[in-house]
Amino acid sequence: MAPPQFRPENAIKRAEELVSVGNSQAALQSLYDLLTSRRVRWTQPSTLEPIVFKFLELGVDLKKGKMMKDCLHQYKKLVQGNPEGLVSVGVVARKFIDVIEKKIANEQAKEEERHVEDDDLEGGVTPENLLTSVYEEDQSVSGFNDETYTSWVRFTWESYRTVLDLVRNNSQLEITYSGVVSRTMQFCLKHNRKNEFKRLADMLRQHLDAANYQQSKYGTNIVDLSDADTLQRYLDQRFQLVQCSVKLELWHEAFRAVEDVFHLMKMSKRAPKMSTLAGYYKNIANIFYVSGDALLHTSALNKFYELFSSNPNATEEQFQEYTSTILLSALAIKLDILPSVGYDSQLRLYRLVGLESKPSRTDIIANILNGDMSSKLDADVKELYTLLEINFSIENIQTKLAALLAKLATKPYFAQYSNQIRDVIIRKIFVEASTKFESINIGDLFKLATLPEPMQLGTWDIEKTLLQAAMDDYVSFNIDHVTNTVNFIKDPFEQFIASSATEELEEELEEGETEEGDVDATEEQEGQEQTATEEGETAEPEVIVTRNSYIRNKLSQLSETLRETENFKETSYLEKVKLARENLIEQTKAAIQKTKDAAEERSKRAQEQKQKRLEESESQYEQSSEARKQQMLEEKAAMEAKLAEETHRRLIEKKKRELNAMKEAEALKAIEEINANGHVYIDPAEASKLDLKELKNILIEQLAKDKAELEERMDYALKKLDHTERAVRKTELPILQREADTLKDADMIKYKAMTEKIIEAAKAEHEAKLADHERISLVCDDVKQLRDKLFESKAEEYQAAQGAKREAFEKAKQERIEAVRKERYEAAVAQRRQEISEANRKKRLEEQEAAARRQREVEAALEEKSASSRVASRIPTAAPVVSKSKGDLDAIARRQREMEEAVEKRAAEAAASKPSSGGSRYVPPTSRTAPVAKKTAAELDEIARKQREMEEAIEKKLSGNNASPAQAPADSTPAPATSDAPKQLSFAERMRLKRQNK
C-alpha cells in the first residue's frame, strides 16, 4: 500500500498557528516529530526542504542546538537513500549557516547599539547597576548581562560544528563542506575566537585523518584523495587555515597547518595558483620571523619574491620594498662561519621551504646580489650591506653607521630587523677585536661595541652579548677584574692544556686520599677473582675510563693533529676553531662510516643464518603438513555433516514456531478488529484456541442475527410512516384549496384598480404636453427675430465695454503690483526702524538703571549722614528734608505723566491721519509701533536728560540741608521721624516700574 500524499504546507501552517499564539516550543516539537518520522523516507527531499527551513528558523530563535543537531542527522539518515537526498542535505546545511549568520549579525548590531547608548567607562557589575537590573525588563544593564551576546556566539560556534559533522567525509558534499569550513574560519577571524579556531583546526585534522583511513575501505560516497579536485579543495582549506592562524597570531596552529600543506602538496599532482602560493610563503615568513629563525625567514621571503616577480600588476616601489626587506633579513642572520657538529634538528624545517640542506648566510646574500634583485635594491640598504660585509672596520663603523641609520630609520621595513642586525654587528666587532688586540680595557671594548641610536645597548646587554659569543666559540677570553681588562686567547687549546694539568693533579690527590679506604674492597675483589679462577673462568682486568679522561685524550689527539697543519699558529682564533670543527666532522664521518659498514656486515651474516633456518623449517613443515591436512579434512567432513543435520532440525522447528506465531497474531488482530466494531465481543486470551475460519463463522452468525432484527424493525416503521402520511395529506387538501381561491380573488381586484389608475395618469400627461406645444409654436418665430435684432444693435457696445473692462483690469493689476511692492518695502523699513528703536530703548534702559543705581547709592549715603547727624544733635532733622524732596518729586512725576500723555496723543493722531493706499490691509505688529517709536525717541532722550538734571538738583538740596540743619525755617512744623520714611520709592524707581508695567 502506498503511503498517503504528504503536504508540507499543512505542517508549516500548523507551526505558524502555534507561533502566533506564543507557543513556539510546541511548533518546534511538531516539526521535529514530523521530520524524524519514518514516512519521510518515501517523500521527495525537495518537498521537505520548506519544513526543514522553518524548523531551522524556529530552532535558532529558541537556541535549541541539541534538538537541531539530532533532527539534521536523522533527516540525513532518512533521505540519503534518495538520489536527491544528499543534495538536499547540502542545501539544508547552507540554509542553516545563512540563518545563524543573520541572527548573530542582528545580535551584534544590538550589542553595539547598547554599548553606544550606555558608554560606561567603569564597566563591570557594580552595586548600582545590579540593583537597577532588578526592575529592568530587558536585563541589559551595562556590565551585568554581557553574557547575552557571548551565548549567541557560543551557539553559533556549536551550529558550525554541527554542520561540519553533518557534511564531513562525503564525496557528494565536498563543495558544501569546503564552503562551511571557509565560513567557520571567517567567523573565528571576525569575532577573534582563538580557542574555537584551535578546536576547528583539530577538527579539520581529524576529518583529514578519517579520509586517509577510508582510502583502504570500501563503501559509498567515500572521499577519494586521489582525485585532483578533491585534494585541491583540502589544500585550499589548509592555505586559508594558515592565513587565518597568522592573522589571529596562533603560531603553533599556523605551523601545524604548514606541515599539513607540505604533505598535501607532495600528494597533489596539480600545482597551486601562483597568488595562493605567494601568500602561503609570505605567511610562512611571518611565522619564522616570530620564531626568531632569520635563516628560514629569509628563505621563505625568497620563495615569495620568486612568485611575486611574475605578477604583471606589481610596481617598482613594491619590488624595491620586497628586495630591500629580503636583503635586510639576510643581513640579520646570525654569523655561521663555524660549521655545526652533529645532526641538524632543523633539517625538517628547511624542507618546508623547499630546501634540501641548510644554506649558509654567505650563499644567501650572494644569491640576492647576483640575481635580478640586485638592480631593484634601495641605495641605503645596499650601502648598509657594503658597510657590514665588504668594508667592515671597527674604527669607523660607528661614524658611518650613525649617518646611515638616520636614512634607514625612515624606511618602514627596517625597524623589524634593527635588533638582529645590531647583534650581528656587535658580534663582528668582538671577533675583529679578538683578532686585532691581545688585551683591551673593558671600557674601551664596550665603547667599540656601543652603536648609535636606535641600535644602542646598555653595558649589561653588551656584556651578555660578549658572553654569548664566547659560548658560541667565536671568541675566547679571560677577564681580569683587578686591572679591568679583557685578555683574548689566540689558541683554543691553550686554555684546555692548563685546565687539563689542573684536573690531572686534582685526580691524583683524590686517588691518594681514597687508596687507604679501599683496602677492604680490594681484598674482597681479589678473593672473588681467585674464586672465579678456581672455577675455570678467566677474567681480564677491566680498564676504567672516565668521561673527562676520554674527552681529554681526544682533544689532545686533535691538538697534536692540528699543530702539524701548516700556518696553524699564525691563524686567528676563529680560523683555528673552524679547522678544529672541520677535523672533528671528518673524524666523526669516518667513525660513522666504519660503524655503518660493521653493522651492514653483521646484518648480512644474520640474514644468511636466518635464510638457512627458514629452509630447514620449510622442509620439516612440508613433511608434516600432509598428515595434518588429511586429519583436518576428515574432522571437517564429520563436523559439516553434524552441523547440516542440526541446522535442518532447527530450521523445521523455527518454521513451526513462526507459523504458530503468525496464526496467533492474525487471530489476535482479527479479534481486536471485531471487538472494535462492536458487533460481538471475543476474549483476546482465546486467540491461541481459535483460527481465522472460526472467528469468521462467529462474526457471520452474529451479523446475520443482527440483520434479521434490523429488517423486522424497518418493516414495522415503514408501514407506520405510510399510514400517517396518507392521513395527513387527506386532511390538509381541502384547507389548502380554500386558501388558494381566496388569494386569487384578492389579487385580481388589486390588479384591475392599478391598471385603471396608470391609464388615466398617462392620458392627462399627454394632453398637457400637446397644449404646451401648440402655445409655444405660435411665438417661436417672433422670438428668433427679436434675438437677431438685439445681437445686431448691441454688438458695438459689447465690444467697447469688453475693451474698457480689459483696460481697467490691466490698470488695476499694475496698481496692485505697485501697492504690494510698496507694502513690502514699507514693512522692511518699519522692521529696520523697530530694530533700531529697540536697540535705543535698551540703551536708554541701561542708562536709566545706571542712574537709578547711582541715585540709590546717593540716597543711602544721605540717610547714613542724616542718621549720624540726628544722633549727634538729638533733634529730628530728616523731616523737613523729606517733606521738600517729596513735593518736588510729585511735581516732577506730574510733568512726566503730562509729557508722556502728549506724546501718546500725537502718535495716535499721526496713525489715524496717515492715508491708506490700496484699501484696508493687514499691518504687522512691527509696522504698527514703528512710527510711534520714531517720533518719541528724541523726546524720550530729552526726558531722560531733564530727569538727570532734576536728580542732580535733588542731590544738591539734600546735601545742603544735611550740611546746615539749623538754617531750616522756624515756622515749619517738624514731622515726626518714622521708620516708614526711608522705605519710600525714589522717582527713578517709580518711573522704571511704570515703564515695566507698560
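Between residue 105 and residue 812, how high is the FRET efficiency from 1/(1 + (r/R0)^6) when r is the Cβ-Cβ distance and R₀ = 45 Å? Nearest 0.05.
On the way: r = 69 Å, r/R0 = 1.53.
That gives a FRET efficiency of 0.05.
Can you flag which of 198/282; 54/103; 663/705; 13/103; 358/596 are past 19 Å Cα-Cα?
Working: 198/282 21 Å; 54/103 14 Å; 663/705 28 Å; 13/103 23 Å; 358/596 24 Å.
Over 19 Å Cα-Cα: 198/282; 663/705; 13/103; 358/596.
Tell me the relative contact order for segment 576-726 as a rounded percent, counting alpha carbon contacts under 8 Å between residues six or more apart.
Values: 32 pairs, mean separation 18.9, N = 151.
Once normalised by length, the contact order is 13 percent.
Per residue of segment 709-716, in order, report the coupling 6.51 cos²θ - 1.76 cosθ + 1.60 (Karplus, θ = phi - 60°) as ³J(HN,Hα) in whole Hz, putting x for Gly and Pro.
Taking θ as phi minus 60°, the curve returns 4, 5, 5, 5, 5, 5, 4, 4 Hz for segment 709-716.
What's the extension gain from residue 621 to residue 356 if we count 0.36 nm per residue and subtract their Cα-Cα distance?
Additional length available on full extension: 90.4 nm.
With r defined as the distance between the Cβ atoms of residue 481 and residue 165 and R0 fixed at 45 Å, what FRET efficiency is calculated, to the nearest 0.05? Each step should come with its number before you reach the end.
Details: r = 68 Å, r/R0 = 1.51.
So, using R0 = 45 Å, E works out to roughly 0.10.
Determine which lysines satisfy two conditions relative to residue 464: a Cα distance under 20 Å, and not lying fewer than 8 residues away in the same chain.
Partners found: 334, 428, 447.
Separation between the residue 832 and residue 586 pseudo-spin-labels, each 7 Å from Cα along Cα→Cβ, expressed in nm?
About 11.2 nm separates the two model spin labels.
Got a number for the accessible area of residue 207? Probe 1.4 Å, square angstrom, nearest 10.
Near enough 10 Å² of accessible area.
Under 1.5 on a/c is rounded, so check that first for segment 232-344, then, if it is not, pick prolate when a/b is larger than b/c and oblate when it is not; a ≥ b ≥ c are the square roots of the alpha carbon gyration tensor eigenvalues.
On the way: a/c = 1.73, a/b = 1.15, b/c = 1.50.
Since a/c reaches 1.5 but b/c is at least a/b, the shape of segment 232-344 is classed as oblate.
If amide hydrogens are placed 1.01 Å from N in the peptide plane, which non-local residues have theirs closer than 5 Å to the one on residue 477?
It is 489, by chain and number.
Averaged per residue, what accessible surface does segment 208-283 expose to a 1.4 Å probe, in Å²? Could you put the intermediate results ahead of the total?
Numbers: 4020 Å² over 76 residues.
Solvent-accessible surface per residue comes out at 53 Å².
Would you please state which residues of segment 396-440 a label at residue 380 would reach in this model, taking the label point 7 Å out along Cα→Cβ and a backbone N cut-off of under 18 Å?
398-422
Could you please put 755, 156 in sequence from largest to smallest accessible area, using a 1.4 Å probe?
In descending accessible area the options line up as 755, 156.
Run through segment 618-706 and list the trypsin sites (Lys or Arg not before Pro) located in a DSSP loop whose Cβ has at most 10 other Cβ atoms within 10 Å. Show your work: numbers first, answer last.
Numbers: sites: 628, 629, 636, 642, 649, 650, 654, 655, 656, 657, 663, 669, 689, 693, 696, 705; in loops: 689.
Sites meeting the loop and neighbour criteria: 689.
Relative to the present Cα-Cα distance, how much length would full extension add between residue 782 and residue 489 at 0.36 nm per residue of separation? List each step's numbers first, then the result.
Working: separation 293, 0.36 × 293 = 105.48 nm, distance 15.49 nm.
Result: 90.0 nm gained on full extension.
For residue 659 and residue 113, compute 0.36 nm times the residue count separating them, minus their Cα-Cα distance, and round to one decimal in nm. List each step's numbers first, then the result.
Details: separation 546, 0.36 × 546 = 196.56 nm, distance 7.35 nm.
Length gained, residue 659 through residue 113: 189.2 nm.
Accessible area of segment 328-430 with a 1.4 Å probe: how many percent of it is carbon plus sulfur? Mind dumping the intermediate values first?
Values: 2450 of 4950 Å².
Roughly 50 percent of what the probe reaches on segment 328-430 is carbon or sulfur.
Counting only the heavy atoms of the protein chains, how much of residue 796 is accessible to a 1.4 Å probe, in Å² to the nearest 10?
150
For 251, 42, 152, give me the order by solvent-accessible area with a 1.4 Å probe, most accessible first, ignoring ligands, DNA and RNA. Mind showing how you got there, number by number?
On the way: 251 75, 42 165, 152 20 Å².
The residues order as 42, 251, 152, largest area first.
Assuming R0 = 35 Å, what is the FRET efficiency of residue 748 and residue 724, from their Cβ-Cβ distance, to the nearest 0.05? Let's see the in-between values first.
Numbers: r = 38 Å, r/R0 = 1.07.
The computed FRET efficiency comes out at 0.40.
Give the accessible area for residue 418 in Å² (nearest 10); use a 1.4 Å probe, count only protein heavy atoms, and leave out ligands, DNA and RNA.
10
State, to one decimal in nm, how far the label point of residue 709 lies from the label point of residue 651, with both points 7 Å from Cα in the Cβ direction.
5.3
May I ask you to rank 187, 809 by accessible area, largest first, using a 1.4 Å probe over the protein chains only?
Values: 187 10, 809 130 Å².
Sorted descending by solvent-accessible area, the residues read 809, 187.
The values are calculated or read from the model by the stated rules, or taken from the named source; none is laboratory data. Source: prediction; values computed, not measured. Heads up, the Cβs are rebuilt from the backbone with ideal geometry, glycines too, and the neighbour counts pull from every protein chain shown. All accessible areas refer to the heavy atoms of the entire protein, side chains included, with ligands and DNA or RNA removed. Shrake-Rupley method; radii C 1.70, N 1.55, O 1.52, S 1.80 Å.
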